[in-house]
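Take a look at the structure set out below.
The values are calculated or read from the model by the stated rules, or taken from the named source; none is laboratory data. Just so we're clear, the structure is a prediction, and the values are computed from it rather than from any experiment. In this analysis, Cβ positions are derived from the backbone assuming ideal geometry, glycine residues included, and neighbour counts consider all displayed protein chains. The accessibility values were calculated without ligands, DNA or RNA, using every heavy atom of the protein model including side chains. Shrake-Rupley method; radii C 1.70, N 1.55, O 1.52, S 1.80 Å.
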Amino acid sequence: MSYVFVTRTADSVELELDINFYWQITDVPKMITRTQDPTGDICFHARSVISGAVSRMTLDKFMHSFNSIVSNAVLQEDDDFYVTRGLKIHNCEVRGMHCKDPRTEEVLQEIIKETTHRLNRLQKQTSENEVQMLQMKGDIEKERLAADLIKVRQANKKLGAISEGESEAAAVAAFLERFGVAQNLDALTAIQLWQSLRQKESVSALANGNAQLFVTPDSVNLAVGSGAVGGIP
């Protein structure tokens with residue numbers, strides 16, 4: 001239901017408001033006994049409460065939140081006017097607004113235009129902020145996955161090292177059990193022999209490749225002494 005009426009702001013600006021009401025009959029017997037004109041009663045009462053609310057606002061203040069001002073005035077929780085008549089107002093909204101004075105109307109239209117532009121700018125900024133937030137969330141997720149990948153690689157390296165160490169330990173144990181016992185070698189001598197064999201294997205592997213090996217005298221068990229001069233020991 002639409003209703004148009006004139007009201008006045010606190011700074012004496014006459015406004016013609018076009019308002020839509022969304023209402024419902026909740027109690028037919030009560031409505032019949034309390035009113036013969038439910039739509040007229042709704043419009044009359046709504047005009048009274050809206051005019052009271054608008055009269056306490058300047059034009060500028062009313063323009064910034066006119067829909068909420070009108071809705072709050074009509075949908076007051078402590079107002080039993082509609083309930084006693086078997087009626088219920090679900091919502092109301094301002095469809096249009098005009099100033100009775102032509103010059104003030106021009107100003108009003110400028111205000112409406114600027115308000116629309118401001119809302120559009122706010123909407124655009126909100127959209128841009130949402131895009132930036134999504135990008136930031138994507139970057140955070142990317143960094144988190146990268147950190148998880150590093151942790152997994154480190155864990156795999158650790159497992160590989162543990163596996164390699166266990167393999168080496170098993171080989172040493174087998175060598176000590178078979179060769180050391182067979183040759184009646186003590187544990188220290190058998191381990192030293194194992195290390196010498198492993199060094200020879202490493203040197204052989206390096207010799208077959210392009211790598212260069214730098215060793216110390218201790219690594220090759222090399223004894224360096226002073227040579228004889230002129231054939232004299």
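Details
- Residue check for Ala190: open to solvent by less than 90 Å² (accessible area, probe 1.4 Å), farther than 30 Å from Ser12 by Cα and modelled with pLDDT under 85: yes
- Criterion violated by Val152 - all others in (1) more than 30 Å from Leu15 (Cβ to Cβ); (2) open to solvent by less than 70 Å² (accessible area, probe 1.4 Å); (3) within 38 Å of the chain's Cα centre (by Cα) satisfied: (2)
- For segment 130-142, the criterion of being open to solvent by 50 Å² or more (accessible area, probe 1.4 Å), assigned to a helix (DSSP H, G or I) and of a type in the set (S, T, N, Q) is met by at least one residue.
- Any pair with Cβ under 6 angstrom, 6 or more apart, that starts in segment 20-38 at a residue that is touching a residue at least 40 places away in the same chain (Cβ under 8 Å) and ends at one that is part of a helix (DSSP H, G or I) and charged (D, E, K, R): Met31/Arg85; Arg34/Arg85; Thr35/Asp41; Thr35/Arg85
- Number of positions in segment 20-47 that are under 17 Å from Glu93 (Cα atoms) and either surrounded by 13 or more Cβ atoms within 10 Å (Cβ to Cβ) or of a type in the set (A, V, I, L, M) (or both): 10
- Identity of the residue in segment 48-90, touching a residue at least 60 places away in the same chain (Cβ under 8 Å) and open to solvent by 70 Å² or more (accessible area, probe 1.4 Å), that ends up farthest from Gln109 (Cα to Cα): Lys88
- Across segment 8-19, the number of residues qualifying as closer than 19 Å to Phe44 by Cβ and surrounded by fewer than 19 Cβ atoms within 10 Å (Cβ to Cβ) comes to 3.
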